[in-house]
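Note sheet for the following structure.
The values are calculated or read from the model by the stated rules, or taken from the named source; none is laboratory data. These numbers come from a predicted model, not from an experiment. Here the Cβ is made from the backbone with ideal geometry for all residues, glycine too, and neighbour counts use every protein chain on show. Protein only, heavy atoms only, side chains kept; ligands, DNA and RNA dropped before computing areas. Shrake-Rupley method; radii C 1.70, N 1.55, O 1.52, S 1.80 Å.
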Amino acid sequence: MKIAKIETFLVPPRWLFCRVETDDGLVGWGEPVVEGRAEVVRTAVDVLAEYLIGRDPLRIEDHWQVLTKGGFYRGGPVLSSAVAGLDQALWDIAGRCYGAPVHRLLGGPVRDRVRVYAWVGGDEPARLRDALAEQVEAGFTAVKMNASGLLSRMPTAAEIGGIVARAEVAREVLGPARDFALDAHGRATVPAARRILAAVAPFHPMFVEEPVAPEHLSRLGDLVSGTTVPVALGERLYSRSDFLPALQAGLSIAQPDLSHAGGISETRRIAAVAEAYDVQLAPHCPLGPIALAASLQVAFATPNFLIQEQSAGIHYNTDADLLDYVLDRAPFTFVDGYAVRNDLPGLGVSVDEAAVREADRRPHAWRNPVWRHDDGSLAEW
């Protein structure tokens, strides 16, 4: 069996899918994308495809090594995301070849269901109470929201108060038996993050995500040592070596994204390294159904897994939603806030190829907004 064809598809709202086909007709799907730079990743996939065409799709680890290390320049979001999508597709092919779900190829399941959380926005908190109530009604036991909108470099008392108000509403609506997480989105400076963590601690968030931007990981230890709030990050880290300083600094929850951090292969290794530091895994996934399907396969087989992000109804999904490109929605039916394990082969996702090809005829060009402070300088989005 040889890899015969590799295609990519730009599909709304902001995703990139790849399709890998073998010479005997097996097809695997992956989701290689950097949000806002999907076209660049598409080109990277085309370049990497030059090596893969004509090769055995089942040599997944060898291909991962060549694609990540075979070039003199390596790493970074574009290359790691291109590799991630291809890696997902190769694992999908392997599962379909052997007639088994990927989690069985990874050593077998360690759990029967995976806890997931829902997004409730938070940039603009006006509808927060209703949005929280809707997710409780839908059966979710955990939610995540942005801690703030645009944040000053040294937040005012009013800005900090707005973050506290969000946390207070969340705890009030959810009660003590459900969880909420706050995503700071790297918008805070280190001194601001210190204040934010102290201010929200009384409301017992499950975690605060990206309290500082990834380029300031050298200060992470200062934050962790001064708070009881679990700190999570990792969506902008792409390898075991990227995560190591954060783990050594006292990170509580690692959040690699399976469409950015080298796919299933590298995320499994990140999880193993994290386990050695008693750090839990909560894969980042505000993306499409293929990325979520890959994340769930890892979750079913990973001992130190905590909770899974998913994008149904997320505010980014304006032109398409999570399940618009799948034929069988059953694997993504959440029961009491959990995804239930099944034995569908490969990633367990049935892609609506006709819908994908039709969407790619009108490719998106999604870009994240550019925010500025009152003085005109660039602000973190």
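Select from the stretch 178-198 the residues that are hydrophobic (A, V, I, L, M, F, W, C) and surrounded by fewer than 18 Cβ atoms within 10 Å (Cβ to Cβ) and list them in ascending order.
Here is the first cut: in the stretch 178-198, the residues hydrophobic (A, V, I, L, M, F, W, C) are 180-182, 184, 188, 190, 192-193, 196-198.
Matches in the stretch 178-198: VAL190, ALA198.
Considering only residues of the stretch 277-323 that are hydroxyl-bearing (Ser, Thr, Tyr) and either open to solvent by 10 Å² or more (accessible area, probe 1.4 Å) or within 16 Å of VAL120 (Cβ to Cβ) (or both), which is modelled with the highest pLDDT?
Going through the stretch 277-323, the residues hydroxyl-bearing (Ser, Thr, Tyr) turn out to be 277, 295, 302, 311, 316, 318.
In the following step, the residues that additionally are either open to solvent by 10 Å² or more (accessible area, probe 1.4 Å) or within 16 Å of VAL120 (Cβ to Cβ) (or both) were identified as 277, 311, 316, 318.
On the way: TYR277: 98, SER311: 93, TYR316: 86, THR318: 84.
My answer is TYR277.
If I ask for residues that are surrounded by 13 or more Cβ atoms within 10 Å (Cβ to Cβ) and among the basic types (Lys, Arg), which ones from the stretch 349-381 would you list?
Listed by number, the list holds a single entry, ARG357.
Name the residue, out of PRO191, PRO205, PRO214, that is touching a residue at least 12 places away in the same chain (Cβ under 8 Å) and closer than 24 Å to PHE140 by Cβ. Steps first, please.
Numbers: PRO191 fails: closer than 24 Å to PHE140 by Cβ; PRO214 fails: closer than 24 Å to PHE140 by Cβ.
It is PRO205.
If I filter the stretch 79-97 for residues that are open to solvent by 30 Å² or more (accessible area, probe 1.4 Å), on the phi > 0 side of the Ramachandran plot and in contact (Cβ under 8 Å) with a residue 12 or more places away in the chain, do I get at least one hit? Please lay out each step first, then the result.
Kept after step one, since they are open to solvent by 30 Å² or more (accessible area, probe 1.4 Å), are these residues of the stretch 79-97: 79, 91, 96-97.
This time we only want the ones that are on the phi > 0 side of the Ramachandran plot, so: none.
No, because not a single residue in the stretch 79-97 is open to solvent by 30 Å² or more (accessible area, probe 1.4 Å), on the phi > 0 side of the Ramachandran plot and in contact (Cβ under 8 Å) with a residue 12 or more places away in the chain.
Which of the following residues is more than 26 Å from the chain's Cα centre (by Cα) and either surrounded by fewer than 16 Cβ atoms within 10 Å (Cβ to Cβ) or over 24 Å from GLY376 (Cα atoms) (or both): GLY175, GLY139?
On the way: GLY139 fails: more than 26 Å from the chain's Cα centre (by Cα).
Among GLY175, GLY139, only GLY175 is more than 26 Å from the chain's Cα centre (by Cα) and either surrounded by fewer than 16 Cβ atoms within 10 Å (Cβ to Cβ) or over 24 Å from GLY376 (Cα atoms) (or both).
Exactly one condition in (1) in contact (Cβ under 8 Å) with a residue 60 or more places away in the chain; (2) buried (at least 17 other Cβ atoms within 10 Å of the Cβ); (3) not in a strand (DSSP E or B) is not met by ALA274; state its number.
(1)
For residues that are among the hydrophobic types (A, V, I, L, M, F, W, C) and open to solvent by 50 Å² or more (accessible area, probe 1.4 Å), scanning just the stretch 107-132, find the one that is nearest to LEU151 (Cα to Cα).
Initially, the stretch 107-132 is screened for residues among the hydrophobic types (A, V, I, L, M, F, W, C), giving 110, 114, 116, 118-120, 126, 128, 131-132.
Those left that are additionally open to solvent by 50 Å² or more (accessible area, probe 1.4 Å): 110, 126.
Working: VAL110: 41, ALA126: 17 Å.
Filtering the stretch 107-132 for residues that are among the hydrophobic types (A, V, I, L, M, F, W, C) and open to solvent by 50 Å² or more (accessible area, probe 1.4 Å), the one nearest to LEU151 (Cα to Cα) comes out as ALA126.
Return only the number of the condition from (1) modelled with pLDDT under 95; (2) in contact with a Pro (Cβ under 6 Å, 6 or more places away or on another chain); (3) open to solvent by less than 50 Å² (accessible area, probe 1.4 Å) that VAL326 does not satisfy.
For VAL326, the exception is condition (1).
Mind listing just one residue for me: the one in the stretch 78-134 that is aromatic (Phe, Trp, Tyr) and touching a Leu at 6+ places or on another chain (Cβ under 9 Å) and, of those, farthest from VAL164 (Cα to Cα)? Give the steps one after another, and end with the answer.
We begin by selecting, within the stretch 78-134, every residue aromatic (Phe, Trp, Tyr); these are 91, 98, 117, 119.
Remaining after also requiring touching a Leu at 6+ places or on another chain (Cβ under 9 Å): 91, 98.
Numbers: TRP91: 43, TYR98: 51 Å.
Filtering first and then ranking leaves TYR98.
Pairs, please: C-beta under 7 Å, at least 6 apart or cross-chain, first residue within 24 Å of LEU128 (Cα to Cα) and in the stretch 312-334, second modelled with pLDDT under 95 and of a type in the set (S, T, N, Q)?
Hits for this filter: ASN317/SER311; LEU322/SER311.
Would a scan of the stretch 227-242 turn up a residue that is aromatic (Phe, Trp, Tyr) and either without any contact (Cβ under 8 Å) to a residue 40 or more places away in the chain or touching a strand residue (DSSP E or B) at 6+ places or on another chain (Cβ under 7 Å) (or both)? Even if it seems obvious, please write down each step before you answer.
Taking the stretch 227-242 and keeping what is aromatic (Phe, Trp, Tyr), we get 238.
Keeping just the survivors that are either without any contact (Cβ under 8 Å) to a residue 40 or more places away in the chain or touching a strand residue (DSSP E or B) at 6+ places or on another chain (Cβ under 7 Å) (or both) gives none.
No.
From the list SER259, SER239, which one is surrounded by fewer than 24 Cβ atoms within 10 Å (Cβ to Cβ), polar (S, T, N, Q), within 16 Å of the chain's Cα centre (by Cα) and farther than 22 Å from ALA193 by Cα?
Working: SER259 fails: surrounded by fewer than 24 Cβ atoms within 10 Å (Cβ to Cβ).
Of SER259, SER239, the one residue that is surrounded by fewer than 24 Cβ atoms within 10 Å (Cβ to Cβ), polar (S, T, N, Q), within 16 Å of the chain's Cα centre (by Cα) and farther than 22 Å from ALA193 by Cα is SER239.
Starting from the stretch 353-381, keep only residues that are touching a residue at least 40 places away in the same chain (Cβ under 8 Å) and β-branched (Val, Ile, Thr), then list their pairs with residues that are assigned to a loop (DSSP other than H, G, I, E, B) and surrounded by 11 or more Cβ atoms within 10 Å (Cβ to Cβ) whose Cβ atoms are within a distance under 7 Å, requiring at least 6 positions of separation or different chains.
Listed by first residue and then by second, the contacts come to VAL356/TYR325.
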